[in-house]
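Only the coordinates and a few stated rules stand behind these numbers; no lab work does. Just so it is clear, the structure is predicted and the values come from calculations on it, not from any experiment. Cβ coordinates were reconstructed from backbone atoms using ideal geometry, including for glycine residues, and neighbour counts include every protein chain displayed.
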Amino acid sequence: MQTHDSDDPRPQSKWAMWLVIIALVCGTGVGLAYLSRERRQLSDLASENQSLNAALDRTQVQLRALTERLNERAAVAPAPRRPVAATVRTGAARSRTAPQAAVDPRVTQLQSQLAEQQKQIDNSREDLTKTREDLETKVNSTHDELTGSIARTHDELVELQKRGERNYYEFKLDKAKDFQRVGPFSVSLRKVNFKRKSYDLAMIVDDNQLQKKSVNLYEPVWIRVGEQPQPAELVVNQITKNQIQGYISEPKYKESARSEKTPDLTQQ
């Protein structure tokens, strides 16, 4: 006589799987928002640096103009009249060096102010540089946490393959209209901007043609393919004038395969 347990664990497993997927999507959204905020801070710091440079340039122009006006006034000013007694001097007195003209105190004051402003600008530049470096470190760290490790060389790709978490397919594409099959989908290189290290790509995924434009070097492109639980990832790690090299990675198991590997706990 066979008995069956009325509590089927498979629906609970599916609910748990969906909850994990929702948590991952929410976490990715929060991380992308944080990454966007960090990039805006970098842009604001760059604008502030430009404003400081413009202020310094204006101050230097004003100082040069004032110095020229003071020099012109000094050139046209009449020479001071020497007393008659001064003409009757001994030979030793005539040999003495005449005193130099006194420096206008306004020029000294402006020079002091300019030096102080230059010091403040230098300190601000150092702070901006340090803050920018810290933000770039945070952005890169957040980017790595969101997208996972990115292989920049063939050796790094081999190390990722050793983890056994995903399948990896290397490719080398010349600029052409024809498509080349690489792993889970087909790709075609349409344009290369060698100066800016970016490219345009066309893809055929599940019989649908997609376009990706102005993609940067090392920038991951995520593509949802079929029943895969996680998206495939395309990364270009080398760009030449008319060619790109990189790889495509995908999860090792599809959703159906993962379900088949889930143990059946129904007791006979």
Inset, instruction - Pop out the ³J(HN,Hα) list for segment 118-132 in order, Karplus 6.51 cos²θ - 1.76 cosθ + 1.60 with θ = phi - 60°, rounded to Hz; leave Gly and Pro as x. - result: 4, 5, 5, 5, 4, 5, 5, 5, 5, 5, 5, 5, 5, 5, 5
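Show me 214-221, 160-167 ranked by packing, highest mean number of other Cβ atoms within 10 Å first. Let's see the in-between values first.
On the way: 214-221: 15.8, 160-167: 12.5.
Top of the packing list down: 214-221, 160-167.
From the square roots a ≥ b ≥ c of the eigenvalues of the alpha-carbon gyration tensor of segment 154-258, which class results: rounded (a/c under 1.5), prolate (a/b over b/c), or oblate?
Working: a/c = 2.25, a/b = 1.41, b/c = 1.60.
Judged from the Cα gyration tensor, segment 154-258 comes out oblate (a/c at least 1.5, b/c at or above a/b).
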Inset, instruction - Provide Arg106, Arg152 in ascending order of the number of other Cβ atoms located within 10 Å of each residue's Cβ, fewest first. - result: Arg106, Arg152
Legend entry - ³J(HN,Hα), Karplus 6.51/-1.76/1.60, whole Hz, each residue of segment 104-109, x for Gly, Pro: 4, x, 5, 5, 4, 5
Inset, instruction - Obtain the nm distance between the two label points defined at Asp178 and Arg224 by a simple spin-label model: each point lies 7 Å from its Cα along the Cα-to-C-beta direction. - result: 3.3
Legend entry - FRET efficiency, 1/(1 + (r/R0)^6) with R0 41 Å, evaluated for Gln109 and Gln243 via beta carbons: 0.10
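Set the Förster radius R0 to 51 Å, insert the Cβ-Cβ distance between Glu159 and Ser124 as r into 1/(1 + (r/R0)^6), and round the FRET efficiency to 0.05. Don't skip to the end; give the middle numbers.
Working: r = 42 Å, r/R0 = 0.82.
About 0.75, to the nearest 0.05.
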Inset, instruction - Return a whole-number percent for the relative contact order of segment 116-252, with Cα pairs under 8 Å and 6 or more residues apart as the contact set. - result: 21
Legend entry - Protection proxy ranking, peptides 232-242, 118-128, average beta carbon neighbours within 10 Å, highest first: 232-242, 118-128
